[in-house]
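Each value in this text was obtained by applying a stated rule to the coordinates, not by laboratory testing. Note that the structure is a prediction, hence the values are computed from the model and not measured. Neighbour counts are summed over all protein chains in view; Cβ atoms, including those assigned to glycine, are modelled from backbone coordinates with ideal geometry.
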Amino acid sequence: MTTWSVPGGGWCNDISSCLERAKTRRGSTRYMSKLEVFSGILSNNASLNPGSLHYLISQLPYLLRLVCGKVAVGHVILAGTTGFSGGLSYDFYNWNRVKLRYCDGASFSGDSKFDNGTSLLYFRGQRIWEAIIHDLLPKGLSRARKALLSGCSAGGLATFLHCDNFTKMLPSNASVKCLSDAGFFLDERDISLNYSMRSFYHDLVALQGIEQNLNPNCTRSISNPKLCFFPQYALNYISTPYFILNSAYDVFQFHHSLVPPSADLHGHWNRCKLDPAACSAYQISVLQGLRRDMLVALYPFYKNSRRDGMFLNSCFAHCQSESQDTWFAVDSPRIHNKTIAEAVGDWYFSRKITKEIDCPYPCDKTCHNLIPSP
């Protein structure tokens, strides 16, 4: 069994920002740390990474983690057996795990080059993805019987882009599924009624040569093919079973898509961004609109499929599957008294149909509001 994880870390959509990124850990392996913490869904501690009751597996699981955000870095879980003790099953703790280091700035999807005679940049995310998979196949991935491709933030978005391709690389009789954590980025107007995120992604797709690597069924069906970089448009064309873990008030989308600095020049939202309790009634209504738009975008996914899963809570957070506090702990966030770990385990092993949607803020008292400092 293997868990693959893709880390987060945002994107770069112009030459100047990509040149700056190349001098950091998000643009070059030269600056990356040598060690990474494996926690939450990647933990190898059975008491910290259990699933639900009375389930035993003895296959070869892989967890591939695409980590493209602030916290995580990519992984795969390679061969192992799930243990059974005291009536509890431990769904993922002894899977082989692989983290994929993220440095291309395009969720492993670009393939182009910039060279003006002075500066040279290679955008090779798609090739990096393919090279990593081909390297791991002879090391055990080709024999996987169970595999989970997961990712957080930009890594969560990468799972939308690569899920079906990952499935095709594995044995036809393998149980392959994908999970996006905080990767469901909406095509949403900001408070000044501009499509800030759409404009950003448009430049990103053009600069890094991404359109050629987007789902062709999606790009053929839409007037603006670059929009297929957004999960809400690509999701309809993914055939692999999928789980979406997201906050309805995702703090990255709140701070960068809904209320980007360019739309709040006088800082009227600064206190609200730091503390939801400080938001005015009007600001709360705008945030409820973000939740409503996310529910609308996810409605076909929620309504039409029994094999897919969802955990959409009302916490102010971004990435919840790799933090032990939010994945599985005594005080972890819950919906209908179910933790994220339990919901994902029930979905992956088909124990229950798992589509959990939280009530609107501020009703959920189990939340860990993880708001970044300015």
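Simple spin-label model, 7 Å along Cα-to-Cβ: V286 to S33 in nm?
Those two pseudo-labels are separated by 3.4 nm.
What list of ³J(HN,Hα) couplings, whole Hz, do you get for segment 292-304 from phi and the Karplus terms 6.51, -1.76, 1.60, once you set θ to phi - 60° and write x for glycine and proline?
Listing the rounded values in order: 4, 5, 5, 5, 5, 5, 8, 4, x, 4, 5, 7, 9 Hz.
Under the definition of Cα pairs under 8 Å and six or more residues apart, what whole-number percent is the relative contact order of the chain? Please list the in-between numbers first.
Values: 933 pairs, mean separation 63.6, N = 374.
Answer for the chain is 17 percent.
Over 22 Å between Cα atoms: which of K146/K352; K146/K303; K34/K168 fall into that group? Let's see the in-between values first.
Numbers: K146/K352 18 Å; K146/K303 26 Å; K34/K168 31 Å.
Cα-Cα > 22 Å for K146/K303; K34/K168; rest within.
Compare D164, D115, D275 in a GNM of the chain, Cα atoms joined below 10 Å, and give the one with the largest fluctuation.
Residue with maximal mean-square fluctuation among D164, D115, D275: D115.
Can you pull the one-decimal nm distance between simple spin-label points at N369 and A263, each 7 Å off the Cα toward Cβ?
Label-label distance for N369 and A263, simple model: 2.0 nm.
For n ≥ 4 DSSP H runs only, could you compute -39500 (n - 2.57) per run for the chain, divide by its residues and tell me the 222 nm figure to the nearest 500?
Working: 10 runs with 99 residues, N = 374.
So the calculated ellipticity at 222 nm is -7500 deg cm²/dmol.
Report the residue, chosen from S28, S16, S196, that carries the largest GNM mean-square fluctuation when the chain is represented by alpha-carbon nodes joined by springs under 10 Å.
Result: S16 has the largest fluctuation of those listed.
What is the gain in length, in nm to one decimal, between R306 and S119 on full extension, counting 0.36 nm per residue of separation less the C-alpha to C-alpha distance? The partial results should precede the final answer.
On the way: separation 187, 0.36 × 187 = 67.32 nm, distance 5.00 nm.
Additional length available on full extension: 62.3 nm.
Please give the charge dipole size of the chain, origin at the Cα centre, charges +1 on K and R Cβ atoms and -1 on D and E Cβ atoms. Round to the nearest 20 debye.
Working: 37 positive and 29 negative charges, 162 e Å.
Taking the Cα centre of the chain as origin, the dipole is about 780 debye.
Where Rh is the Kirkwood radius over the Cα pairs of segment 84-196, the temperature 10 °C and the viscosity 1.306 mPa s, what D in µm²/s does Stokes-Einstein return?
Values: Rh = 16.5 Å.
My calculation gives 96 µm²/s for D.
Report the gain in length on full extension from N236 to R25: 0.36 nm times residue separation, minus Cα-Cα distance, nm rounded to one decimal.
72.6 nm
Under the 0.36 nm per residue contour assumption, what length would be gained going from the current alpha-carbon distance of N45 and K352 to full extension? All intermediate terms of the calculation are to be shown ahead of the outcome.
On the way: separation 307, 0.36 × 307 = 110.52 nm, distance 2.43 nm.
Extra length from N45 to K352 when fully extended: 108.1 nm.
S199 to A277: FRET efficiency via 1/(1 + (r/R0)^6), r the Cβ-Cβ distance, R0 41 Å, to the nearest 0.05? Provide the component values of the computation, followed by the final result.
Values: r = 32 Å, r/R0 = 0.77.
Plugging the Cβ-Cβ distance into 1/(1 + (r/R0)^6) gives 0.80.
Need one number for segment 216-374: average projected area of the convex hull over its C-alpha atoms, nm². Please report the intermediate quantities before stating the final value.
Values: hull surface 42.7 nm².
Hull-based average projected area comes out at 10.7 nm².
So what's the convex hull volume per residue for the Cα atoms of the chain, in Å³? Numbers along the way, then the final one.
Numbers: hull volume 50.4 nm³, N = 374.
Cα convex hull per residue, to the nearest whole number: 135 Å³.
Check G151: other-chain or 5+ apart residues with amide H under 5 Å from its amide H, H built from backbone geometry?
Placed amide hydrogens put V6, L66, L179, D181 under 5 Å from G151.
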